[in-house]
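Engineer: The following block contains the structure, expressed as structure tokens.
The values are calculated or read from the model by the stated rules, or taken from the named source; none is laboratory data. Quick caveat: nothing in here was measured; it's all calculated off a predicted structure. Cβ coordinates were reconstructed from backbone atoms using ideal geometry, including for glycine residues, and neighbour counts include every protein chain displayed.
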Amino acid sequence: MGSWSVLRLGPLALDWEKENIDPRLWSLFTENERVTTDGASSSDDESPTLTYRLRADQLVDRLELQGFGLTDTARQFDAQLARRQSKQEPSDAHLQGGFTFDRWVHDIARCVARYQSADDASRFGDGSHWLTWGMTELSAAGELVGEVAGIPFPTQIDARFFVRAMLATLPTDSEVVFDCSQLIGVHDLQASDISVTMFADDPIWGPFAEKRPLILLTEGSTDTYILESTVALRFPHLREYVTFPDFERSNAEGGADRVVQTVRAFAAAKIQNRTVALLDNDAAATDALRALKPSDLPPTIRVVRLPELSFARRYPTLGPDGRSELDVNGRAVSLEFFVGRDILQETNGHLPLVQWTGYKNRVQLHQGELLQKSAIQERYRAFAKQATHDPGLVAAHDWSSMEVLWHAIIHAFD
């Protein structure tokens, strides 16, 4: 049987590599998820264990940010299937026009559910034998496109697409475990030799193990601070998967115009990292985007506007004619709107006013700005500083708007 590195996805244990570790999987984990036991506290026959553990939804976020999203997975799966089907081999006739990635997800999910609901005595084992339970089309698909860890899936594409596809068949709160326990002692490999950086100096395998952090461009240093601290507090599993250029040290001017200039510079320099340029949902950003055509953007760059907020559709504003409640989406929404109602609101419970500051004639929109923007920023800084040492504050905080924003960032390339 040999010793294997094993990838456990929910109830499934997939033998991944025999007497070896796939460097691509290291790009999905950090040392923060490492869990070890030495076996000494258990019975004499207990062996040491070495695993990396996190939730399925957290791994989904990491895969999406690194370019292994569900949309691209489906596209590549169907392309490989279509390429084989185009050869019109007689053995493929039963799959012509009917078997797609969506069908694959449906059938695999059904197999997983049947396997999970079965009692231990009726299971064929921990591995992929559950696929043999009457799923003849899946077996045929394996013959058609190949298999990864015993499961029908195109072998011509990166195995991280396979991981993303499998996660689409599982509940989001499922546990994902990369288990390297069996490899301890194989070829004199010790537990201390196994880590996410074990291939860092390898010229061949090192690049496969590297993380591919998303570059996130913002309109200024305060926006960067808010987003960085949000990752640390609310989305710590993304800390090594998002990077923010430090324009503050370069004394670069902020604002939407600067972001657009940076996007054009990134495109010209052919920056390979996936990049998201985040712009306010206001008139100034709409005006700045006139200088950026969709054809200017390579596949690695996306421009994302702050999402619309429901509470901003009737928001208190101040203009030449006095106060009124208006929809400020698209005209005055900055990142401060997303810091949480508990911070956005003033001490009296009222929302701070938006003041109309000018008119962008080229896009025929009024530009507005929060009157108490600096005070909101200071309240957020104070919260972030205290919350770093108080998990209760993090749990009680209103993250709803920020969660909507980060969903838009993570899925910008869908």
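Engineer: One residue is enough: does segment 198-214 have a residue meeting the conditions in contact with a Lys or Arg (Cβ under 6 Å, 6 or more places away or on another chain) and farther than 25 Å from Trp4 by Cα?
Structural biologist: The first filter runs over segment 198-214 and keeps only residues in contact with a Lys or Arg (Cβ under 6 Å, 6 or more places away or on another chain), leaving 208, 214.
Going one step further and asking which of them are farther than 25 Å from Trp4 by Cα, we end up with 214.
Yes, there is a match, as at least one residue in segment 198-214 is in contact with a Lys or Arg (Cβ under 6 Å, 6 or more places away or on another chain) and farther than 25 Å from Trp4 by Cα.
Engineer: With Gln156, Gln182 as the choices, which residue is closer than 30 Å to Thr37 by Cβ, among the polar types (S, T, N, Q) and in contact (Cβ under 8 Å) with a residue 40 or more places away in the chain?
Structural biologist: Working: Gln156 fails: closer than 30 Å to Thr37 by Cβ.
Within the list Gln156, Gln182, the selection yields Gln182.
Engineer: Now, a different point. Output yes when any residue across segment 131-138 is more than 28 Å from Arg212 (Cα to Cα) and modelled with pLDDT of 80 or more, and no when none is. If you could, list the steps in order and put the result at the bottom.
Structural biologist: Step one: list which residues in segment 131-138 are more than 28 Å from Arg212 (Cα to Cα), which gives 131-138.
Right, trim to modelled with pLDDT of 80 or more and you get none.
Looking for residues that are more than 28 Å from Arg212 (Cα to Cα) and modelled with pLDDT of 80 or more, one finds none in segment 131-138, hence no.
Engineer: Taking segment 94-130 on its own, how many of its residues are modelled with pLDDT of 80 or more and outside any helix (DSSP H, G or I)?
Structural biologist: Keep residues of segment 94-130 that are modelled with pLDDT of 80 or more, which gives 100-113.
Next, from what is left, pick out any that are outside any helix (DSSP H, G or I): 100.
Adding up the residues that qualify gives 1.
Engineer: From the list Glu64, Glu31, Glu19, which one is modelled with pLDDT of 95 or more, charged (D, E, K, R) and over 17 Å from the mean Cα position of the chain (by Cα)? Lay out the reasoning, then the answer.
Structural biologist: Values: Glu64 fails: over 17 Å from the mean Cα position of the chain (by Cα); Glu19 fails: modelled with pLDDT of 95 or more.
The match here is Glu31.
Engineer: Select from segment 325-360 the residues that are assigned to a loop (DSSP other than H, G, I, E, B) and touching a His at 6+ places or on another chain (Cβ under 6 Å) and write down the one among them that is surrounded by the most Cβ atoms within 10 Å (Cβ to Cβ). Even if it seems obvious, please write down each step before you answer.
Structural biologist: Kept after step one, since they are assigned to a loop (DSSP other than H, G, I, E, B), are these residues of segment 325-360: 327-331, 334, 339-340, 345-353.
Filter once more, keeping what is touching a His at 6+ places or on another chain (Cβ under 6 Å): 331, 340.
Working: Arg331: 24, Gly340: 18.
Among those residues, the one meeting the criterion is Arg331.
Engineer: Name the residue that is modelled with the lowest pLDDT, counting only residues in segment 147-157 that are under 16 Å from Leu14 (Cα atoms) and surrounded by fewer than 17 Cβ atoms within 10 Å (Cβ to Cβ).
Structural biologist: Here is the first cut: in segment 147-157, the ones under 16 Å from Leu14 (Cα atoms) are 147-153, 155.
Retained after the next criterion (residues that are surrounded by fewer than 17 Cβ atoms within 10 Å (Cβ to Cβ)): 150, 155.
Details: Gly150: 79, Thr155: 87.
Among residues in segment 147-157 that are under 16 Å from Leu14 (Cα atoms) and surrounded by fewer than 17 Cβ atoms within 10 Å (Cβ to Cβ), the one modelled with the lowest pLDDT is Gly150.
Engineer: Considering only residues of segment 162-203 that are touching a strand residue (DSSP E or B) at 6+ places or on another chain (Cβ under 9 Å) and among the aromatic types (Phe, Trp, Tyr), which is nearest to Asp107 (Cα to Cα)?
Structural biologist: Ranking the candidates gives Phe162 first.
Engineer: Taking segment 253-272, which residues are closer than 11 Å to Pro298 by Cα and either touching a residue at least 24 places away in the same chain (Cβ under 8 Å) or in contact with a strand residue (DSSP E or B) (Cβ under 6 Å, 6 or more places away or on another chain) (or both)?
Structural biologist: Val263, Arg264, Phe266, Ala267, Lys270, Ile271, Gln272
Engineer: May I pose another question? State the number of residues belonging to segment 1-14 that are at negative phi and under 25 Å from the mean Cα position of the chain (by Cα).
Structural biologist: So the count comes out to 9.
Engineer: Moving to a separate point now. Tell me the residue from Asp414, Asp390 that is on the phi < 0 side of the Ramachandran plot and modelled with pLDDT under 95, please. Write out each step before concluding.
Structural biologist: On the way: Asp390 fails: modelled with pLDDT under 95.
Within the list Asp414, Asp390, the selection yields Asp414.
Engineer: Quick one: what pairs do we get from segment 2-18, first residue more than 10 Å from Phe178 (Cα to Cα), second among the aromatic types (Phe, Trp, Tyr) and not in a loop (DSSP other than H, G, I, E, B), C-beta under 6 Å, 6+ apart or different chains?
Structural biologist: Asp15/Trp4; Lys18/Trp4
Engineer: Starting from segment 313-333, take each residue that is touching a residue at least 24 places away in the same chain (Cβ under 8 Å) and list its partners that are in a loop (DSSP other than H, G, I, E, B) and acidic (Asp, Glu), counting only C-beta distances under 8 angstrom and pairs at least six apart or across chains.
Structural biologist: Matching pairs, first to second residue: Tyr315/Asp327; Asn329/Glu308; Gly330/Glu308; Val333/Asp280; Val333/Glu308.
Engineer: When you go through Val303, Val363 one by one, which is the residue that is assigned to a strand (DSSP E or B), in the same structural domain as Lys270 (by TED's automatic domain parsing) and closer than 21 Å to Arg258 by Cβ?
Structural biologist: On the way: Val363 fails: assigned to a strand (DSSP E or B).
Only one candidate qualifies: Val303.
Engineer: Given the criteria in the same structural domain as Leu393 (by TED's automatic domain parsing), crowded, with 17+ Cβ neighbours inside 10 Å, within 32 Å of the chain's Cα centre (by Cα) and under 20 Å from Val394 (Cα atoms), does Leu370 qualify?
Structural biologist: The answer is no for Leu370.
Engineer: Given Arg323, Arg341, Arg362, which one is closer than 28 Å to Val394 by Cβ and of a type in the set (Lys, Arg)?
Structural biologist: Numbers: Arg323 fails: closer than 28 Å to Val394 by Cβ; Arg362 fails: closer than 28 Å to Val394 by Cβ.
The conditions single out Arg341.
Engineer: Moving on to the next point. So which residues in segment 376-396 are in contact (Cβ under 8 Å) with a residue 60 or more places away in the chain and within 21 Å of Thr347 (Cβ to Cβ), if there are any at all? Walk me through how you get there before you give the answer.
Structural biologist: Quick first cut of segment 376-396, residues in contact (Cβ under 8 Å) with a residue 60 or more places away in the chain only: 377, 380-381, 384, 387-388, 394.
Gln377, Tyr380, Arg381, Ala384, Ala387 - these are the residues of segment 376-396 that are in contact (Cβ under 8 Å) with a residue 60 or more places away in the chain and within 21 Å of Thr347 (Cβ to Cβ).
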